[in-house]
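Here's the structure we're looking at; comments come further down.
The values are calculated or read from the model by the stated rules, or taken from the named source; none is laboratory data. Source: prediction; values computed, not measured. All Cβ positions, glycine included, derive from the backbone under ideal geometry; neighbour counts span all protein chains shown. Each accessible area value is taken on the protein alone, full model and side chains, heavy atoms only, with ligands, DNA and RNA left out. Shrake-Rupley method; radii C 1.70, N 1.55, O 1.52, S 1.80 Å.
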Amino acid sequence: MSAPAIDPVRTPVTASPAGKSAGKQRTTPARFDTALGWSDRPGPAWALRVLLCALALGVFAAPFLTVFSGSFSEKASGSTLSFLPHRPTLLNFQVAGERGIWDYFGNSLVIAGGGLLLQLVVCTLAAYALARHKFRGQALILTLFMLTMMLPEEVIAIPLSLVLGHVPVVGLDLKGTVWGVILPLGAWGFSVMVLTEFMKDIPAEIEEAARIDGVGELRMLWQVILPLCKPALGVAGVLGFIMIWDQYLLPLIAAKDPTDYTVTVALSILRTDPEVGSGVVLAGAVIALVPSLIVYLLLQRSLVTGIAAGATKG
């Protein structure tokens with residue numbers, strides 16, 4: 001005879017006091033783990049932080065809202081703080097277009113695109129040589145790149161104007177051409193520094209393994225090093241574009257005719273034009289603001305990642 005089947009006894013599971021306390025304990029989400037000790041639990045400190053964030057947002061957002069509002073207002077005033085347009089209209093943009101703002105905008109796009117491409121190529125090659133190779137004078141060259149960031153534009157404006165008018169050795173006159181603005185922006189010490197420091201952190205074992213497989217220098221840079229430097233390239237790309245787009249003195253001294261001006265120089269022309277009002281100037285400012293805003297929104301993830309990687313280095 002077989003033994004009768006015995007049903008297992010199901011004992012009720014009782015939570016221990018420690019378990020109850022653990023279940024009742026609130027855990028702070030990861031998004032609130034900040035250096036300021038942000039907490040999602042309401043209280044005086046939480047209210048103070050919200051107030052400070054609102055004040056900071058108002059300080060930074062108020063000028064942008066005023067510019068956008070004034071550009072669409074029928075009668076805009078630079079001395080009035082308004083977040084909503086008064087009698088919305090597109091007349092300001094139409095007048096700005098009649099003053100040639102779109103031609104200047106096209107000049108800025110060509111210069112910013114070509115200058116950023118040249119700058120990234122030159123700075124990447126320079127950073128690769130400084131970070132992955134050892135040679136005499138390496139520290140001196142990096143120091144010279146850093147020193148270029150300490151020279152004000154006003155100091156080199158006259159010498160640069162003379163050089164652009166008659167380039168040594170080749171004897172070319174680059175004034176009145178986009179190359180007169182693009183070539184001086186071909187290297188930027190900040191981008192060289194960021195890319196160099198980022199490339200130094202790449203393990204040497206990766207490079208050694210690639211060299212065993214017969215990888216050359218250019219292929220090493222293109223297929224091994226650069227894919228690991230995307231955050232640093234994002235930082236160099238965003239800040240480099242904004243630096244080139246905001247150039248004012250260089251396009252001014254490199255131009256031979258007002259048609260060679262960029263949109264930043266055109267804004268000063270609109271400002272001094274007695275036949276246009278503040279609304280037209282604000283409309284031109286909005287047009288000049290859009291490309292920088294688009295580039296930042298598209299590359300903000302790489303920008304934040306690159307800055308965070310640099311902050312946590314070491």
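Can you list the HN-Hα couplings for region 126-136, worked out from phi with the Karplus curve (6.51, -1.76, 1.60; θ = phi - 60°), rounded to whole Hz and with x for Gly and Pro?
The phi angles translate into 5, 5, 5, 5, 6, 8, 10, 9, 10, 7, 5 Hz.
Output wanted: per-residue J couplings in Hz (rounded whole) for region 162-167, from phi through Karplus 6.51 cos²θ - 1.76 cosθ + 1.60, θ = phi - 60°, x for Gly and Pro.
Computed from phi, the couplings for region 162-167 are 5, 5, 5, x, 8, 5 Hz.
From the mean inverse distance of alpha carbon pairs (Kirkwood) and the Cα radius of gyration, derive Rg over Rh for region 99-312.
Dividing the radius of gyration by the Kirkwood radius yields 1.03.
Put a dot 7 Å past each Cα toward the Cβ at L147 and V167; how far apart are the dots in nm?
2.5
L249 to L90: extension gain in nm, 0.36 nm per residue of separation minus the Cα-Cα distance?
54.2 nm
I need the phi-derived Karplus couplings for region 178-186: 6.51 cos²θ - 1.76 cosθ + 1.60, θ = phi - 60°, integer Hz, Gly and Pro marked x.
Each residue's phi maps through the Karplus curve to give 5, 5, x, 9, 6, 4, x, 9, x Hz.
In whole Å, what is the distance between the alpha-carbon centres of region 53-77 and region 152-226?
38
At a 1.4 Å probe radius, carbon and sulfur cover how many percent of the accessible area of region 118-185?
Here carbon and sulfur together make up 75 percent of the probe-accessible area.
Taking the alpha-carbon distance from K230 and a cut-off under 18 Å, which aspartates and glutamates remain once sequence neighbours fewer than 8 residues away in the same chain are dropped?
Qualifying aspartates and glutamates at Cα under 18 Å: E197, D201, E207.
In region 111-154, which chymotrypsin sites (Phe, Trp or Tyr not before Pro) fall in coil by DSSP and have 14 or fewer other Cβ atoms within 10 Å?
F135
Straight-line reach only, C-alpha to C-alpha below 17 angstrom: list the aspartates and glutamates that K75 could link to, leaving out same-chain residues fewer than 8 apart.
D273, E275
State, as an integer percentage, the relative contact order of region 99-312 based on alpha-carbon contacts under 8 Å between residues 6 or more apart.
Taking the mean separation of contacting Cα pairs over the length of region 99-312, I get 31 percent.
Taking 0.36 nm per intervening residue step and subtracting the Cα-Cα distance, what contour gain separates L51 from R219 on full extension?
Contour length minus the Cα-Cα distance gives 55.2 nm.
On average, how much accessible surface per residue is there in region 38-154, in Å², for a 1.4 Å probe, leaving out ligands, DNA and RNA?
Dividing the accessible area of region 38-154 by its residue count gives 65 Å².
Per residue, how much accessible surface does region 240-314 expose to a 1.4 Å probe? Answer in Å², no decimals.
52
Taking a probe of 1.4 angstrom, what is the accessible area of W188 in Å², to the nearest 10?
Spelled out: W188, probe radius 1.4 Å, area about 50 Å².
How much length is gained if the chain between R271 and L297 is pulled fully straight, taking 0.36 nm per residue apart and subtracting their Cα-Cα distance, in nm to one decimal?
6.5 nm
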